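Rule-based calculations on the coordinates, nothing more; no lab input. On a predicted model such as this, the values are computed, not experimentally measured, just so you know. Counting neighbours? That spans all protein chains shown, and the Cβs are built from the backbone with ideal geometry, glycine included.
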């Protein structure tokens, strides 16, 4: 099939696919499987997002359900965070007012 030219010189390809009608449950199962999530894990992720929980709670809830925490918790004063601390210091120094 030849791409159709639009006025802005962009190629547009029209793809037609035959899809059988699926239920909401089938679609959720498809995407959950594609993302590698169990139903419980997906539920926990969704709840933490919808309840707007703090990051620490985003880790506690999956751990309580037997899953790995989604966020790595590192102390701010730790060695791994040193480049971040240095970058933040440079950024703050660059925004200090100029003294005359």
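List of remarks:
- Virtual paramagnetic centre 7 Å along Cα→Cβ of residue 60, amide N under 18 Å, in segment 20-50: 44-50
- Burial order of peptide ranges 71-77, 41-47 (average beta-carbon count within 10 Å, highest first): 41-47, 71-77
- Tail beyond 16 Å, pair distance distribution of segment 24-91 (Cα, percent): 60 percent
- FRET efficiency estimate (nearest 0.05) - Cβ-Cβ, residue 49 to residue 24, R0 25 angstrom: 0.85
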